[in-house]
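A.B. asks: Sharing a structure here in structure tokens format.
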Amino acid sequence: MDNSLGDIFIYYEASDFLETADSDTLEQIARARELTQEYYFSDYRESEKRYALLRQLLGGIGENVAIDTPFHCDYGKNIFGGNNVIINRNCTFADNQPIRIGDNVLIASNVQLYTSSHPVLPEERLVPDWKERQTTFFRTYARPIEIKNNVWIGGGCILLAGVTIGENSVIGAGSVVNRSIPPNCVAAGNPCKVIRYFDADKEK
């Protein structure tokens, strides 16, 4: 399938869609809520306890990782972080699909990562027989997000389903990233676009 909204093209396959209301999924979400709440109320100075909670919550975590509170996620288990990672206050990670974060990554406050989305057309987004099927009244699809090594994500950025941020790149504050960003560049805006490359000889 493919849909378009202006110059924003959304492509998805039937296999991209997922169930978000089955009992197993709801239990995973509830467990993530419990752990993030416990993490929120933990003493900031008890670094070992907080790290242990993150190990329970996340799918993988490296060394020298700091996640400030509040921190919000759906499952936690689909988030994988490398070494030397800073995630500042009030970040939201909708991890219906994996979110992979490399080494030496800075993520500023109020950053939102959304691996999930919905079809644009209402006839594809809505489920007419949802009650009979005992599911949600809408369809959700999801694609992974990857942030490579040495990346800096500025405050208030939004990363949408399926994007990759290339190694060493910087995303300017307030950007909405709906397409992957190459390595070794500064990118910003809504939609986010490359402003300049670190290699002056490379064309934009």
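A.B. asks: Please verify whether the range 9-20 includes one or more residues that are in a helix (DSSP H, G or I), β-branched (Val, Ile, Thr), over 15 Å from PHE93 (Cα atoms) and at pLDDT below 95.
C.D. replies: Scanning the range 9-20 turns up no residue that is in a helix (DSSP H, G or I), β-branched (Val, Ile, Thr), over 15 Å from PHE93 (Cα atoms) and at pLDDT below 95.
A.B. asks: A further question on this structure: For the range 36-53, what are the residues that are surrounded by 14 or more Cβ atoms within 10 Å (Cβ to Cβ) and in a helix (DSSP H, G or I)?
C.D. replies: Answer for the range 36-53, where residues must be surrounded by 14 or more Cβ atoms within 10 Å (Cβ to Cβ) and in a helix (DSSP H, G or I): THR36, GLU38, TYR39, ARG50, TYR51, LEU53.
A.B. asks: Could you count how many residues in the range 14-35 are over 17 Å from PHE80 (Cβ atoms) and either surrounded by 13 or more Cβ atoms within 10 Å (Cβ to Cβ) or touching a Ser or Thr at 6+ places or on another chain (Cβ under 9 Å) (or both)?
C.D. replies: Restricting attention to the range 14-35, the residues satisfying the condition of being over 17 Å from PHE80 (Cβ atoms) are 14-27, 29-31, 33-34.
This time we only want the ones that are either surrounded by 13 or more Cβ atoms within 10 Å (Cβ to Cβ) or touching a Ser or Thr at 6+ places or on another chain (Cβ under 9 Å) (or both), so: 16-22, 25-26, 29, 31, 33.
Within the range 14-35, residues that are over 17 Å from PHE80 (Cβ atoms) and either surrounded by 13 or more Cβ atoms within 10 Å (Cβ to Cβ) or touching a Ser or Thr at 6+ places or on another chain (Cβ under 9 Å) (or both) number 12.
A.B. asks: Taking THR25, is it touching a strand residue (DSSP E or B) at 6+ places or on another chain (Cβ under 9 Å), outside any strand (DSSP E or B) and modelled with pLDDT under 95?
C.D. replies: Considered against the rule, which asks whether it is touching a strand residue (DSSP E or B) at 6+ places or on another chain (Cβ under 9 Å), outside any strand (DSSP E or B) and modelled with pLDDT under 95, THR25 comes out as yes.
A.B. asks: Now a separate question. When the residues of the range 56-76 are filtered to those that are over 21 Å from PRO144 (Cβ atoms) and under 19 Å from the mean Cα position of the chain (by Cα), which remaining residue is most open to solvent (accessible area, probe 1.4 Å)? Steps first, please.
C.D. replies: We begin by selecting, within the range 56-76, every residue over 21 Å from PRO144 (Cβ atoms); these are 56, 63-64, 66, 68-70.
Restricting the remaining residues to those that are under 19 Å from the mean Cα position of the chain (by Cα) gives 56, 66, 68-70.
Numbers: GLN56: 106, ALA66: 42, ASP68: 35, THR69: 27, PRO70: 42 Å².
If we take residues in the range 56-76 being over 21 Å from PRO144 (Cβ atoms) and under 19 Å from the mean Cα position of the chain (by Cα), then GLN56 is most open to solvent (accessible area, probe 1.4 Å).
A.B. asks: Within the group GLY174, GLY155, which residue is on the phi > 0 side of the Ramachandran plot and either open to solvent by 10 Å² or more (accessible area, probe 1.4 Å) or at pLDDT 95 or above (or both)?
C.D. replies: GLY174
The values are calculated or read from the model by the stated rules, or taken from the named source; none is laboratory data. The structure presented is a predicted model; accordingly, all values stated were derived computationally and were not measured. Note that each Cβ is placed from the backbone with ideal geometry, even for glycine, and that neighbours are counted across all protein chains shown. Each accessible area value is taken on the protein alone, full model and side chains, heavy atoms only, with ligands, DNA and RNA left out. Shrake-Rupley method; radii C 1.70, N 1.55, O 1.52, S 1.80 Å.
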